[in-house]
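The values are calculated or read from the model by the stated rules, or taken from the named source; none is laboratory data. Quick caveat: nothing in here was measured; it's all calculated off a predicted structure. Using ideal geometry, Cβ is built from the backbone for each residue, glycine included, and neighbour counts are taken over all protein chains shown.
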Amino acid sequence: MSIVTAAFDDLDPRTLYGILRLRNLVFVVEQRCPYLDLDGRDLEPATRHCWILHAGVIGAYLRIVPDGGELRRIGRVVTAPSARGQGLAARLVRHALTLTARPALLDAQSNLVGWYAALGFEPVGPEFVEDGIPHTPMRHP
């Protein structure tokens with residue numbers, strides 16, 4: 001299972017569909033969090049989409065977006081229910097950190113702060129609630 005990285009304009013329609021389907025399945029349906037996932041950031045030229053195929057479908061995904069100056073923000077980190085427990089998301093986050101070559105930020109769901117800390121992230125601010133879910137801002141040096 002290899003990691004694929006692409007800009008939006010390099011995504012074929014089936015891959016884009018798979019990415020959006022997975023994000024919708026987990027963030028909107030499973031987490032019962034209706035929100036506008038299509039925020040325009042996917043389209044930005046500097047945004048990178050990273051994923052791993054698992055059993056022929058996207059098993060894990062994340063995106064990296066510019067966040068002012070030298071910072072990059074990792075977001076939309078998601079693993080398909082059928083692919084959980086195999087370390088795919090951790091592989092993707094480590095891969096994303098090699099692509100940024102600069103400090104990386106993310107807003108971790110607060111129940112995952114320990115998981116992100118194991119990958120080298122540190123909390124950098126107070127917990128806040130977004131779309132009904134507690135989050136903690138974190139930074140990787």
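Summary of computed values
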quantity: Unmet requirement for residue 17, which otherwise passes all of (1) part of a helix (DSSP H, G or I); (2) closer than 20 Å to residue 83 by Cβ; (3) under 15 Å from the mean Cα position of the chain (by Cα); calculated: (3)
quantity: Close pairs from segment 115-138: first under 19 Å from residue 29 (Cα atoms), partner in a loop (DSSP other than H, G, I, E, B) and modelled with pLDDT of 95 or more, Cβ under 8 Å, at least 6 apart; calculated: 134/127; 135/127
quantity: Single residue of segment 110-141 satisfying the filter (in contact with a Ser or Thr (Cβ under 8 Å, 6 or more places away or on another chain) and polar (S, T, N, Q)) that is surrounded by the most Cβ atoms within 10 Å (Cβ to Cβ); calculated: 136
quantity: Criterion (farther than 20 Å from residue 123 by Cα and either of a type outside the set (Gly, Ala, Ser) or not in a strand (DSSP E or B) (or both)) met by exactly one of 60, 46, 90; calculated: 46
quantity: Tabulated pairs, segment 24-53, first under 19 Å from residue 11 (Cβ atoms), second surrounded by 14 or more Cβ atoms within 10 Å (Cβ to Cβ) and basic (Lys, Arg), C-beta under 7 angstrom, 6+ apart or interchain; calculated: 37/23; 42/63; 47/41; 47/63; 48/63; 49/63; 52/91
quantity: Matching option when the condition is on the phi > 0 side of the Ramachandran plot, free of Cβ contacts under 8 Å to residues at least 60 places away in the same chain and within 12 Å of the chain's Cα centre (by Cα), among 94, 76; calculated: 76
